[in-house]
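The values are calculated or read from the model by the stated rules, or taken from the named source; none is laboratory data. Note that the structure is a prediction, hence the values are computed from the model and not measured. Cβ atoms come from the backbone with ideal geometry, glycine included; neighbour counts cover every protein chain shown.
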Amino acid sequence: ALTDGDKAAVVNLWSKISGQTEAIGNEALQRLFTGFPQTKTYFKHYDLSPNSAQVRAHGARVLGAVGEATKYLDNLSEGLSKLSDLHAYNLRVDPENFKLLSHCFLVVLAVHFPAEFTPQVQAAWDKYLVAISTVLTSKYR
Ligand code: HEM
């Protein structure tokens, strides 16, 4: 579970991410699709050329949800309930992919915020992304 210190680290770094959700979300997706090309199968209906408008827009949406969830750190399952339904019932994304996306997201944070991304901040964000992923994959069965 996230400690009070973890929660503070999540909220603090989010305040820096929030002004660049499209750029950071896009970069995380570029790394996901390049490093783990099997993830592209979920996005067959997208223009997956690098930095396409569709991928950029999706990156902003994903990051928007990550940011919105910072308001529900004590109640993520409620805050993410609709997204959880979507990923489990409609999209049926294999849970393994959430680990891959979280990994890419941590890499992007390390690249963009080298000074802020201490081991403690990394650990806090890792826990946060695991918590989000757990909720989004909780309704599969
Ligand atoms: C859609 C968030 C992980 C595949 C979405 C949407 C959001 C979102 C906000 C748009 C929902 C809407 O239109 O109402 C997240 C978050 C994730 C995550 C916060 C984890 C931190 C994943 C993973 C995959 C995935 C790992 C697959 C590799 C999709 C697909 C769509 C979608 C295929 C629909 C895209 C479209 O048709 O435009 N997600 N997602 N998501 N997500 Fe996720």
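Filter the range 38-53 for residues that are more than 8 Å from the ligand (Cβ to nearest atom) and assigned to a helix (DSSP H, G or I); which is surrounded by the most Cβ atoms within 10 Å (Cβ to Cβ)? Only one residue tops the list, namely Lys40. Of the residues making up the range 89-141, those that are part of a helix (DSSP H, G or I) and β-branched (Val, Ile, Thr) are Val107, Val108, Val111, Val121, Val130, Ile132, Thr134, Val135.
Scanning for something within 19 Å of Ala131 (Cα to Cα) and of a type in the set (Gly, Ala, Ser), does the range 33-43 turn up at least one residue? No, the range 33-43 contains no residue that is within 19 Å of Ala131 (Cα to Cα) and of a type in the set (Gly, Ala, Ser). The numbered conditions (1) outside any helix (DSSP H, G or I); (2) near the ligand (Cβ under 8 Å from one of its atoms) are all true for Val66 except (1). Only one entry in Leu91, Leu63 is of a type outside the set (Ser, Thr, Tyr) and at pLDDT 95 or above, namely Leu63. Only residues that are hydroxyl-bearing (Ser, Thr, Tyr), buried (at least 17 other Cβ atoms within 10 Å of the Cβ) and more than 8 Å from the ligand (Cβ to nearest atom) were counted across the range 70-104, and they come to 2.
The residue of the range 1-32 that is farthest from the chain's Cα centre (by Cα), among those that are farther than 16 Å from Tyr128 by Cβ and surrounded by fewer than 18 Cβ atoms within 10 Å (Cβ to Cβ), is Gly19.
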